[in-house]
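Below is a structure I'd like to ask you about.
The values are calculated or read from the model by the stated rules, or taken from the named source; none is laboratory data. Because the structure is a prediction, the values reported are computed rather than measured. Ideal geometry is used to build each Cβ from the backbone, glycine not excepted, and the neighbour counts take in all protein chains shown.
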Amino acid sequence: MINLFYKFNNIPKDHGPKNSHPTDRQKKFTLMATQFLITCKTDYEKILAREVALYNFTPQTKGQGWILAQANDETFTKENETQTIIPCFAHSIRENPIPVSASSVNSLTDELINLFTTNLGTKRITDSWAFQFSSSGSEQLIHRAKSVEKHWLDKLQKKMSRVAKLAREGIPFSASFAQGFFVHFTDFNQVFVSFKALSAGQQRMLMDPKSPSRSYLKLEEAFRIYGHEPKRNEKVIDLGAAPGGWSYSALKRGALVIAIDNGPLKDPVKLHYNMRHLKVDALKFTYDYPKPVDWLLCDILEKPEIILELLHQWLGNKWCNNFIINIKVGRNDPIVLLNKIRNYEDGLLPYCQSLHIRQLYHDREEITLMGQTK
Ligand SMILES: C[S@@+](CC[C@H](N)C(=O)[O-])C[C@H]1O[C@@H](n2cnc3c(N)ncnc32)[C@H](O)[C@@H]1O
C-alpha cells in the first residue's frame with residue numbers, strides 16, 4: 001500500500017501561484033475524527049473506494065454516489081505527516097457522519113433541528129455559517145432533501161431567527177474543512193449529518209453560447225479549482241485545440257493563444273486577433289523558446305499513456321509554468337493511471353510545485369490535472 005502522506009513532508013508552502021488555492025498536499029487534515037463520508041459521481045463509488053485505500057483509508061460501506069471510509073491510525077497520527085491530497089474522485093468529504101433516520105419529513109426535520117441545537121449548545125453564532133442538504137441518486141431523493149431542507153429552515157427561522165439569517169447554502173470551497181451543518185441523504189428516510197465538510201471544488205459551470213464547444217465548461221471548472229487562470233497577454237499553448245472551446249476560454253481572458261490541432265477551428269476563435277493556429281501533430285511539436293510558456297492546455301483525444309509521455313516532456317523540460325490537462329481514461333484502470341501520475345519516483349510529481357487531480361463535474365470518463373511546474 002502506498003502512503004502518499006510522508007512523501008509530501010518538508011515541501012514549502014508558499015510556492016503556489018499567487019491567490020491560488022493551496023496545493024492539495026498543503027491542505028492539512030488535523031483531525032481527531034476517524035470516519036468520513038465521501039461523495040462522488042454516481043457509479044464511481046468502487047473507484048473512489050479503491051483510491052482512498054491508496055491513502056490508508058479503509059473503505060467500509062458504499063451507496064449510490066457515496067462511500068464511508070475509516071482513517072487508519074497511521075493515516076493521520078505520525079508527526080508532520082498530517083498532510084494529504086484530495087482524492088481525485090471525491091466531490092465532498094464530510095467528517096464524522098452521524099446517521100439519522102426517521103420515516104416522515106416532519107419527524108426527520110425535528111430530529112435534525114434537535115441535532116443542530118444540541119451541537120450548538122451554548123455557542124454564540126455571530127458570523128455567517130454554512131449548511132447543505134444534498135443527496136446522490138434519484139430525482140425523488142433530491143426532492144426529499146429539498147423538502148426537508150425547507151421545513152428545517154422554516155423551523156430554524158421560528159426557533160432562532162438570528163442564527164437562521166446567518167445561514168449560507170453550500171460547502172464553501174476552501175483549503176480547510178468548513179464548520180456548519182451538512183446533511184447528506186443516502187436514502188428516503190436515512191441521512192448522515194456532519195458538522196465539518198470540505199468541498200473538492202467541482203461545480204456545474206454556465207455555458208457561454210459563443211464558445212465553439214462544450215469542452216469550454218471543463219476548462220472553466222478547472223480554473224475555478226486551480227484558483228488561477230491566464231491573465232491578459234499571458235502566452236497559452238493549447239494542444240488538441242479544435243474546435244476551440246478551451247482557446248476561447250483563454251482568449252476571453254486576454255491571453256495570446258497558439259492552438260495546435262490538425263482539425264479546423266470554429267468562429268469566433270478562428271479569426272481572433274490573439275490567435276495563431278498551427279496545423280501540426282501536437283505529439284511531435286517541440287517547444288523551442290528560452291522562456292517557458294505561461295500555460296499549457298491539453299485536451300488531446302489520445303490514450304492516457306501517450307498523454308503521460310507527452311507530459312513528461314512538457315513538465316520535465318519545464319516548457320510551461322502552469323498546466324491544465326484533460327486525460328481520457330476510457331477503459332483504462334483509473335487507479336493504475338493515478339498511481340503512475342502521482343508516483344514520486346517516475347511520475348509527474350517530481351516536476352510539480354503543485355498538482356491537483358480531479359474528476360470534474362463536466363468530466364465524463366476523464367480526469368483533469370491542474371498545477372504548476374517547479
Ligand atoms: C476533445 S477534442 C478537443 C476539444 C477542445 N479542447 C475544445 O475545447 O474545443 C480533441 C482534439 O484532439 C485533437 N487531436 C487528437 N490527436 C491529436 C494530435 N496528435 N495532435 C493534435 N491534435 C490532436 C483532435 O483533432 C481533436 O480536435
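So, in region 206-223, exactly how many residues are closer than 25 Å to residue 178 by Cβ and away from the ligand (no atom under 13 Å from the Cβ)?
2
If I ask for residues that are in contact with a His (Cβ under 6 Å, 6 or more places away or on another chain) and either farther than 30 Å from residue 199 by Cα or within 7 Å of the ligand (Cβ to nearest atom) (or both), which ones from region 224-275 would you list?
Passing the criteria: 259, 265.
Return yes when residue 325 is in a strand (DSSP E or B), surrounded by 18 or more Cβ atoms within 10 Å (Cβ to Cβ) and within 12 Å of the ligand (Cβ to nearest atom) and no when it is not. Break it down into steps so the answer makes sense when it comes.
Numbers: in a strand (DSSP E or B): yes; surrounded by 18 or more Cβ atoms within 10 Å (Cβ to Cβ): yes; within 12 Å of the ligand (Cβ to nearest atom): yes.
Answer is yes for this residue.
State whether the residues of region 298-314 include one that is in the same structural domain as residue 263 (by TED's automatic domain parsing), polar (S, T, N, Q) and closer than 16 Å to residue 346 by Cβ.
Yes, because at least one residue in region 298-314 is in the same structural domain as residue 263 (by TED's automatic domain parsing), polar (S, T, N, Q) and closer than 16 Å to residue 346 by Cβ.
Keeping to region 276-295, report how many residues are within 14 Å of the ligand (Cβ to nearest atom), part of a strand (DSSP E or B) and under 30 Å from the mean Cα position of the chain (by Cα).
Summing the residues that are within 14 Å of the ligand (Cβ to nearest atom), part of a strand (DSSP E or B) and under 30 Å from the mean Cα position of the chain (by Cα) in region 276-295 gives 1.
Can you pull out the residues in region 350-374 that are in contact (Cβ under 8 Å) with a residue 40 or more places away in the chain and surrounded by fewer than 19 Cβ atoms within 10 Å (Cβ to Cβ)? Working first, answer last.
Taking region 350-374 first, the residues in contact (Cβ under 8 Å) with a residue 40 or more places away in the chain are 353-363, 366-374.
Within region 350-374, 353, 361, 366, 374 qualify.
Right, something else. Regarding region 192-213, can at least one residue be identified that is crowded, with 21+ Cβ neighbours inside 10 Å and acidic (Asp, Glu)?
No, because not a single residue in region 192-213 is crowded, with 21+ Cβ neighbours inside 10 Å and acidic (Asp, Glu).
Specify which of the listed residues (210, 218, 158) is more than 23 Å from residue 89 (Cβ to Cβ) and in a helix (DSSP H, G or I).
Values: 210 fails: in a helix (DSSP H, G or I); 218 fails: more than 23 Å from residue 89 (Cβ to Cβ).
Just a single option satisfies the conditions, and that option is 158.
Yes/no matrix, rows are residues, columns are (1) of a type in the set (A, V, I, L, M); (2) modelled with pLDDT of 90 or more; (3) in a helix (DSSP H, G or I):
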| site | (1), (2), (3) |
| --- | --- |
| 17 | no, no, no |
| 22 | no, no, no |
| 25 | no, no, yes |
| 32 | yes, no, no |
| 46 | no, yes, yes |
| 59 | no, yes, no |
| 67 | yes, yes, no |
| 79 | no, no, no |
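While we're on this one: Residue 342 versus (1) over 19 Å from residue 212 (Cα atoms); (2) under 30 Å from the mean Cα position of the chain (by Cα); (3) at pLDDT 95 or above: which is the lone unmet condition?
Here residue 342 clears every test but (3).
Shifting gears a bit: I'm checking my understanding of the structure. Among residues of region 94-119 that are among the polar types (S, T, N, Q) and farther than 18 Å from residue 153 by Cα, which one is surrounded by the most Cβ atoms within 10 Å (Cβ to Cβ)? Talk me through it step by step, then tell me what you get.
First, the residues of region 94-119 that are among the polar types (S, T, N, Q): 96, 101, 103-104, 106-107, 109, 114, 117-119.
Applying the additional criterion that residues be farther than 18 Å from residue 153 by Cα yields 96, 101, 103.
Details: 96: 16, 101: 13, 103: 9.
Step by step, filter region 94-119, then rank; the result is 96.
Can you confirm whether residue 174 is surrounded by fewer than 17 Cβ atoms within 10 Å (Cβ to Cβ) and assigned to a helix (DSSP H, G or I)?
Values: surrounded by fewer than 17 Cβ atoms within 10 Å (Cβ to Cβ): yes; assigned to a helix (DSSP H, G or I): no.
No, not satisfied.
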